[in-house]
Amino acid sequence: MNNNLHVYNTLSRKKEVFEPLNEPFVGMYVCGPTVYSDVHLGNSRTFISFDIIYRYLLHLGYKVRYVRNITDAGHLEGDRDEGDDKFAKKAKLEKLEPMEIVQKYTLGFHDVMRIFNTLPPSIEPTATGHISEQIEMVKEILNNGYAYEKDGTVYFDVEKYDKDHPYGLLTNRKLQDLLEGTRELSGQDEKKGRLDFALWIKAKPETLMKWPSPWGWGFPGWHIECSAMSTKYLGETFDIHGGGMDLQATHHTNEIAQSQACNHTAPVKYWMHTNMLTVNGARMSKSAGNGFLPHELFTGDHPLLERGYSPMVVRFFMAQSHYRSTLDFSNEALQGAEKGFQKLMTAGETLNKLNAESESTVNVAELKANCYKAMDDDFNTPVLIAQLFDAVKMINSIKDGKEKINEADLNELKSIYNSFVVDVLGLKADELTQSSETELTADLIDLILNIRLDAKKNKDFATSDKIRDELTKKGIKIKDTKDGFEWEV
RNA sequence: GGUCUCUUGGCCGAGUGGCUAGGCAGUGGUCUGCAAAACCAUGUACGGCGGUUCGAAUCCGCCAGAGACCUCCA
C-alpha cells in the first residue's frame, strides 16, 4: 500500500515504518474523554490530532476501525482506590443522577467534536456498557496470578508482573526507580505493593453506580475498561493506540500490563502520544482551572481573549504545530492563524475559478510529492501546511496571469487541494447560515455595490468611498476587480 | 526528591551535521483614482559557555531558564 508512512512509536522512541498487522485493515484505539465535565480545548487538541491521523490513514486507502471510548464509570477522584468516582461527586454537586451527568457531558463532547469537524469514530463504546467484559478480564488476570483480592477489591500485582514482563516499558523506567518515586500513601492501605492499582473496587453502601461481581458489588477500576474494550473490538493485538501524553505513565502503562497479564501478548504495535496544549507555558488542565472551553474561544468570552475565533481557525491553528510538540495559546498566535487560514480558504475559492491554458509553467507533481512526504513523516502537518502555502502562491500567481496551468495540472491541483485541505486536515470555509435572510442580505449588498460601481464610472469617488467605508464599518470587506467587485463578510 | 523533555528572528512554529521551512506582523516595491487583496523583494534566528568536526541550530559536556510525569486530567 504505502510503505513510506513513518510513525513515531512511544515504545521504541523512534520513528518506525508503518506496517499494519493485517493490511489493509488498521485497528486504532484512542482514549476518549471522562464525561463528568465539559471538554476543554486541551482535550480537543488530542481528538483533533487523531482525527487528522485517522483521515490520513483513510486517505491512503486503509480500512480503519477507529475506536474511541467514553469513560462513564470507574474514574476515581484521588489516588486512593476508594471513595466516590468523578460522576457521583459531580452528580451530588449538580443534584442529578450520575447517568444524567454522563448524558449531559457526552452530548456536549459530541457537539464540540462536530463543531471542530472531526469524523466520528467507527465505534464509541462506554465503560458501563462493558462491565461483564471487564469482570471477565479481571477474572482471567486473577487466574493467571497477576492480581489478588482483598475484601471485595481486586488489585493488580505490579511487582509480581514485573518479574515476568518489564512494567515501566512505555516510559522506559525500571521498577526500582518507579518504586522510589512513589510517594508515601497515608492512611490505611490494603495494597501489597505501592504501585499496585485497582482492577475492581468494592462499592460502599451509598455508591450509586455499582454492579454485581464474583467479589461482591462494586465497579471497575479506571484502566481496565480500555483494555477490555480494545480487546473486544480490535483483538488481543492491534495497530495503533493513542492518547494524550499525560496518560502514558499511568493509564497506558497499566493497560499494557493488564492486557499482557490477561492475553499473554503485548496489546499494541504502535503507541502514539499527543502533546499538551499550554496557556502561558503551563499545561491546560481541568484541575489547574486554566482550561478554555471551546465556546469561550468561539465567542471570545474569556478574560485572556481579546475576541472570538472560529472553530476552523482553531483547528488550523492546531494543525500548524506538530502533534508531539506542546502548543502555546495566545491572542497573537490565534490572530496569525486566522489570517493564514483565510488566505488558504480564499485560494481554494480562487482555484475553482481558474482557467486552463494549453501549457503549464508550474510544477504540480512536485507539490503533490511534497505533501505526501510531509504527512508520511509522522503526520507532519506544519510542513504540509507550508507546502499548501506554496500551492496558494501558485494559485494566486496563475490568477494574476504570472503563471500558466494546463487542464491536467489544474485538475491535479484541485485534487491535491481537496485531498489535503478538505479530506486530511478537515478544514472548510466558515459557513454562513444558509437562510433566505442571508440571501436577501447578499442581494442587497450586490445592489449597493452596483450603485457604487456606477458612481465610480462617473468618477463620483466621494460617493463610492462613502459606500465602501460604511460597508467596511459593518464588517463587509470589498475587493475591487478590473471590471466589477467582490465582497466578503 | 526521582525520571524525562524543551529553550529557534517581534509573535506562532517546522527542521536534527553543509541546501530559502512556512504563516502572522514589519519594511520597500508592482498593481489600483485611493484602499483592500494579490504578487515581487526584504531579517548576522537558533538560551549561555566549552568540546568533537573541514563544517553544528542540529552531536557531546557543563551552566542557566521553562515545563511534564511520578498524584485525577487529552
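The values are calculated or read from the model by the stated rules, or taken from the named source; none is laboratory data. This is a predicted model, so every value here is computed, not measured. Positions of Cβ are generated from backbone atoms using ideal geometry, with glycine treated the same way; all protein chains shown enter the neighbour counts. The area values use the complete protein model at the heavy-atom level, side chains included, leaving out ligands, DNA and RNA. Shrake-Rupley method; radii C 1.70, N 1.55, O 1.52, S 1.80 Å.
Got a number for carbon plus sulfur as a percent of segment A:47-133's accessible area, 1.4 Å probe? Present the calculation step by step, with values, prior to reporting the outcome.
On the way: 1910 of 3640 Å².
That share works out to 53 percent.
Out of all DSSP beta bridges in chain A, what portion is antiparallel? Express it as a percent rounded to 5. Numbers along the way, then the final one.
Values: 23 of 46 bridges.
Of those bridges, close to 50 percent are antiparallel.
At 0.36 nm per residue, minus the direct Cα-Cα distance, what do A:Glu332 and A:Ser12 gain on full extension? Give it in nm, one decimal, please. Please list the in-between numbers first.
Numbers: separation 320, 0.36 × 320 = 115.20 nm, distance 3.66 nm.
Here the segment from A:Glu332 to A:Ser12 would lengthen by 111.5 nm.
Tell me, rounded to the nearest percent, the portion of alpha carbon pairs in segment A:319-419 spaced more than 18 Å apart. Provide the component values of the computation, followed by the final result.
Numbers: 2524 of 5050 pairs.
Every Cα pair in segment A:319-419 considered, those over 18 Å come to 50 percent.
Tell me what chain A gives for mean residue ellipticity at 222 nm when only DSSP H runs of n ≥ 4 count, each as -39,500 (n - 2.57), the sum divided by the residue total, rounded to 500 deg cm²/dmol.
Details: 16 runs with 213 residues, N = 489.
My calculation for chain A gives -14000 deg cm²/dmol from helical runs alone.
For chain A, what is the charge dipole size about the Cα centre, in debye to the nearest 20, if Lys and Arg each add +1 at the Cβ and Asp and Glu each add -1 at the Cβ? All intermediate terms of the calculation are to be shown ahead of the outcome.
Numbers: 58 positive and 73 negative charges, 106 e Å.
With Lys and Arg at +1 and Asp and Glu at -1, about 500 debye.
When each pair of different Cα atoms in segment A:1-127 is counted once in the 1/r mean, what is the Kirkwood radius in angstroms, to one decimal? Don't skip to the end; give the middle numbers.
On the way: mean 1/r = 0.0607 Å⁻¹.
Answer for segment A:1-127: a Kirkwood hydrodynamic radius of 16.5 Å.
Apply the Kirkwood formula to chain A: the hydrodynamic radius equals the inverse of the mean of 1/r over all pairs of different alpha-carbon atoms; give it in Å with one decimal. Walk me through the numbers before you get to the answer.
On the way: mean 1/r = 0.0393 Å⁻¹.
One over the average 1/r among Cα pairs gives 25.5 Å for chain A.
Compute, for A:Glu133, the solvent-accessible surface of its heavy atoms (probe 1.4 Å) with the complete set of protein chains present, and express it in square angstrom to the nearest 10.
Estimated to the nearest 10 Å², A:Glu133 gives 50 Å².
Quote to one decimal, in nm, the extra length available between A:Ile476 and A:Met245 on full extension: 0.36 nm per residue of separation minus the C-alpha distance between them. Show your work: numbers first, answer last.
Numbers: separation 231, 0.36 × 231 = 83.16 nm, distance 4.30 nm.
Additional length available on full extension: 78.9 nm.
When all protein chains stay in place, what accessible area (Å², nearest 10, 1.4 Å probe) is found for A:Leu107?
Counting only protein heavy atoms, the figure is 100 Å².
In what order, largest first, do A:Leu453, A:Leu388 sit by accessible area if the probe radius is 1.4 Å? Walk me through the numbers before you get to the answer.
Details: A:Leu453 35, A:Leu388 5 Å².
The ranking, largest first, comes out as A:Leu453, A:Leu388.
What is the gain in length, in nm to one decimal, between A:Lys339 and A:Phe25 on full extension, counting 0.36 nm per residue of separation less the C-alpha to C-alpha distance?
Working: separation 314, 0.36 × 314 = 113.04 nm, distance 3.86 nm.
The span from A:Lys339 to A:Phe25 would gain 109.2 nm if fully extended.
Within straight cross-link reach of A:Lys150, meaning Cα distance under 19 Å, which aspartates and glutamates are found once same-chain residues fewer than 8 apart are removed?
Those aspartates and glutamates meeting the cut-off are A:Asp79, A:Asp81, A:Glu82, A:Asp84, A:Glu136, A:Glu140, A:Glu159, A:Asp189, A:Glu190, A:Asp196.
Say the dipole of chain A comes from +1 at the beta carbon of Lys and Arg and -1 at that of Asp and Glu; which of A:Asn172, A:Thr350, A:Val64 then lies farthest toward its positive end?
It is A:Thr350, whose Cα lies furthest towards the positive end.
I'd like the carbon and sulfur percentage of the solvent accessible area for segment A:241-385, probe radius 1.4 Å, heavy atoms only, ligands and nucleic acids excluded. Walk me through the numbers on the way to the answer.
Numbers: 2760 of 5840 Å².
Here it works out to 47 percent.
Going through the cross-link list A:Lys174/A:Lys269; A:Lys343/A:Lys473; A:Lys104/A:Lys269, which pairs have a Cα-Cα distance over 25 Å in this structure? Intermediate values should be presented prior to the final figure.
Numbers: A:Lys174/A:Lys269 21 Å; A:Lys343/A:Lys473 21 Å; A:Lys104/A:Lys269 35 Å.
Long pairs (Cα-Cα over 25 Å): A:Lys104/A:Lys269.
Using the beta-carbon distance between A:Asn280 and A:Arg114 and R0 = 41 Å, what value does 1/(1 + (r/R0)^6) give for FRET efficiency, to the nearest 0.05?
Calculated value: 0.90.
How many nm is it between the label spots at A:Asn4 and A:Asp483, if each spot is 7 Å from the Cα in line with the beta carbon?
Distance between the two pseudo-spin positions: 4.3 nm.
Given a 1.4 Å probe, how much area per residue of chain A is accessible, in Å²?
In whole numbers, chain A has 48 Å² accessible per residue.
Taking 7 Å along the Cα-to-C-beta vector as the label spot, tell me the A:Leu96-A:Trp211 distance in nanometres, rounded to one decimal.
2.2
Given the whole protein assembly as supplied and a 1.4 Å probe, what does the accessible area of A:Leu304 come to in Å², nearest 10?
90
Determine the principal axes of the Cα atoms in segment A:356-489, then give the extent along each, sorted from largest to smallest and rounded to whole angstroms.
54, 35, 23
For segment A:204-341, what D do you get in µm² per second when you plug the Kirkwood radius from alpha-carbon pairs into Stokes-Einstein at 25 °C and 0.890 mPa s? Don't jump to the answer; show the numbers that get you there.
On the way: Rh = 18.1 Å.
So the translational diffusion coefficient is about 136 µm²/s.
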